[in-house]
Structures are given as structure tokens and as C-alpha cells.
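What follows is one structure encoded as C-alpha cells, with my remarks underneath.
The values are calculated or read from the model by the stated rules, or taken from the named source; none is laboratory data. Small disclaimer: the values here were computed from a predicted structure and weren't measured. Using ideal geometry, Cβ is built from the backbone for each residue, glycine included, and neighbour counts are taken over all protein chains shown. Side chains are part of the model used for accessible areas, which takes the heavy atoms of the whole protein and leaves out ligands, DNA and RNA. Shrake-Rupley method; radii C 1.70, N 1.55, O 1.52, S 1.80 Å.
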Amino acid sequence: MSPTAESPAPVPAPAPVPVTVDDLDHAVRLCLDVLGSAPPAAAWDAKAGTLEWDCWETVEHLADDLFAYAVQLGLRTPPLDHDLSFVHDSRRPGGPGNTVYADRAAGPAGLLEVLESCGALLIAMVRTAPPGVRAHHVFGIADAEGFAAMGIVETLVHTHDVAQGLGLRWSPPGGLCAGVLTRLFPDVRGGGDPWRTLLWATGRGELPGRPRRTAWRWYGEPRS
């Protein structure tokens, strides 16, 4: 029998690149830039993509998400079993239940100011949170990196929804998408275009050989 070559030692997979507060800041700025480019006559009451909300409501919902993640991290000892006791209500049947609403009289510019302010709150909280901080989220107790990643996903996909409704072009950087896919969606296979994969992972698109998702979640727990 001829000798066989020794099998090469397995190459360890590279460590995931952390999601950073600068990634979150980048996502929010890109969102504000594209939504701020909407023409003055843009139909903010148009349906946002496949959602049942209009574009204005969807931006309010995004602002509310960023606000909610920020305040969840804000206590000296954040709760691990419940959301903070802010009042949430919906302004119409089927509309989003928010704490944060923008004054419609201020127009789209005022709406985007509200969004920018809520984004800044989350950016500040992630930047200043102690390394060991943990806080409640319905999809699992998360650390500051997890909340940053959640904020990025909310920003990227809801900007997609609103851009569809307003007729704007929106294609975020693949690196941002790949980072949050790795951090929050361990059940999603890699490969292919990260943005298309993120849209599929959040029920907004189709991929070859994969049925469209009708239910989905992410996993915000810290990496072990």
C-alpha cells in the first residue's frame, strides 16, 4: 500500500468581526441621507413596501425602536425580564404602537429630526455602556453590541420599506449587512449578497432555493 499524505490540520474559522457603535452611527447617517433626499412632494402617506403602515408611520416606528433600545440600556441596573414602563399606543387601528411620535405639522424635516435624535440616543448609550451591561429584549437578553446590531437591522430594513414607498434608491453597504447577519442570525447560512440575504432573513425578499420567510426572529444574546 502506498503511503498517504498526512491530512492538513483544519484551519480555524476567523473570529466574527464585532458590530460597533460606529457601524450603528454609519447606518443611521445613511438612512437620514437617503430619506432626506426625498423630493418636497414625496407621498409620505404612501404604503411603506410590504408593510401595512405608511412611510411616515414607519419612520416613527424606526425612531421609536431606536429610542426603546437606548432607554432599555439606560438604567444603572437594566431589567432582564421586562421592557421599561413607557406608554405605547397606536394612533389608528393597525398602526404601529409607539411611545415616540413626530408632530405632523413639522413636515418631513421634523420627522427626520426626531429620527436623528432617537438614533443619537442609542449611539450614545451603546458608546457609554459598561462592558458587562445586559438588558431585556423579547428575543433574548442582549449586551450593548446586540442592541447596536438590532438598531442597525431596524434602520436598514425600515429604510428599505420607506424607500420603496417614496420611490428612492437604497442599497446599504454589504459589510454592515454581513456584520449584523453574523451577530443576530446564526440560523441563516452565509454566502451570496449580504443585503439580499438580510432582506430574506427579515421576510422582505426571496433567495434561490429558499422559501420566503413568513415568520422570523433574531438572537441578541451575547456571543459566548
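Within the listed set Ala163, Ala135, Ala41, the Gaussian network model of the chain (springs between alpha-carbon atoms below 10 Å) gives the highest mean-square fluctuation for Ala41. For the chain, the Cβ-based charge dipole about the Cα centre amounts to some 460 debye (Lys, Arg positive; Asp, Glu negative; other atoms uncharged). If R0 is 25 Å, the Cβ-Cβ spacing of Thr128 and Tyr101 corresponds to a FRET efficiency of close to 0.40.
Going 7 Å from the Cα of Arg210 toward and past its Cβ, which residues in the stretch 143-186 have a backbone nitrogen under 14 Å from where you end up? Counting only backbone N, you get 177-186.
The residues of the chain expose, per residue, 53 Å² of accessible area to a 1.4 Å probe. Per-residue SASA remark: Trp216, around 90 Å² accessible (1.4 Å probe; ligands, DNA and RNA not included).
Remark: relative contact order (the chain) = 26 percent; criterion is Cα-Cα distance under 8 angstrom and separation of 6 or more residues. Can you list the trypsin sites (Lys or Arg not before Pro) in the stretch 58-145 that are in a DSSP coil and have 15 or fewer other beta carbons within 10 angstrom? When the trypsin sites (Lys or Arg not before Pro) of the stretch 58-145 are filtered for loop state and at most 15 Cβ neighbours within 10 Å, Arg76, Arg91 remain. Taking amide H positions as modeled 1.01 Å from N, with prolines and chain starts lacking one, the residues under 5 Å from Asp54 and 5 or more places away or on another chain are Ala48. Within the full protein context, the accessible area of His88 is estimated at about 100 Å² for a probe radius of 1.4 Å. Heavy-atom surface analysis with a 1.4 Å probe gives the stretch 84-164 a carbon and sulfur content of 59 percent of its accessible area.
Taking 0.36 nm per residue of separation and subtracting the current Cα-Cα distance, fully stretching the chain between Asp81 and Ala120 would add 11.5 nm. Of the residues Ala109, Val71, Thr58, the one whose Cα sits farthest towards the positive end of the charge dipole of the stretch 36-141 is Val71 (charges of +1 on Lys and Arg Cβ, -1 on Asp and Glu Cβ, taken about the Cα centre).
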